[in-house]
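The values are calculated or read from the model by the stated rules, or taken from the named source; none is laboratory data. In this text, all values refer to a predicted model and were calculated from it rather than measured experimentally. With ideal geometry, Cβ positions are generated from the backbone for all residues, glycine too; neighbour counts draw on all protein chains shown. Only protein heavy atoms, including side chains, enter the accessible area calculation; ligands, DNA and RNA are left aside. Shrake-Rupley method; radii C 1.70, N 1.55, O 1.52, S 1.80 Å.
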Amino acid sequence: RDEKAYRITLDDKLDPTVQPWAIEGIPEGTDIEGVAWLGKGRFAFGTEGREDGVSLILIAEERGPKLRVIETIRIPEAKLGLQVKQNHGTEGICGTGQTIVAAIEETGQVNGRRWAPIVRVDRGAITRVHKLWLTTDTGKLSGLDCQLGADGSIHAIAIERHFEVTKLLT
């Protein structure tokens, strides 16, 4: 909520140097939840809002000693196939270049099985929403790391968590 990102650099003894970076252009009422480096001074931020129905991805570029939001990608509830409550937005995010993959914290159910949306964004447009089947009665997606295959496939590890729950899903 303080509109900052932090660059952490480790020296040869693994001692950290922490450098704060101001982020300009974050919409009011938006919390940053996850970050992905897209390459060449570009970042994607996963966010959640303080009102129902808000799920955004913010694209920012390095501008001197700060980051500036240059694009906002809205993730509509209709595309997700479920309602997004406040503080349940884009929790995990990864990607490279013009492709972003976002894990949504909100969950849905089909025939008693729980799932969470994984959203693929190519060149600023939502191109696919996947259902990632959850393994517990309470867990939600909180983190995401991925590699994009040359064939367009996504190879990802997501964290399903909720208090006593911590599971890695692929």
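Report, by residue number, each residue of the range 1-51 that is among the acidic types (Asp, Glu) and either touching a residue at least 12 places away in the same chain (Cβ under 8 Å) or open to solvent by less than 20 Å² (accessible area, probe 1.4 Å) (or both).
Initial filter on the range 1-51 (among the acidic types (Asp, Glu)): 2-3, 11-12, 15, 24, 28, 31, 33, 48, 51.
Result: Glu3, Glu24, Asp31, Glu33, Glu48, Glu51.
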What strands (runs of 3 or more DSSP E) completely inside the range 114-170 contain at least 1 residues that are among the β-branched types (Val, Ile, Thr)?
125-133, 154-162, 165-169
Output the qualifying pairs, or none if there are none: Cβ atoms under 7 angstrom, residues six or more apart or on different chains, first residue in the range 96-116 and surrounded by fewer than 21 Cβ atoms within 10 Å (Cβ to Cβ), second residue among the polar types (S, T, N, Q).
Arg114/Thr107; Trp115/Thr107
Among the residues of the range 64-86, is there at least one that is modelled with pLDDT of 95 or more, closer than 30 Å to Gly139 by Cβ and of a type in the set (Ser, Thr, Tyr)?
yes
Take the range 66-83 and flag every residue that is out of contact with any strand residue (DSSP E or B) (no Cβ under 7 Å at 6 or more places or on another chain) and not acidic (Asp, Glu).
Pro76, Ala78, Gln83
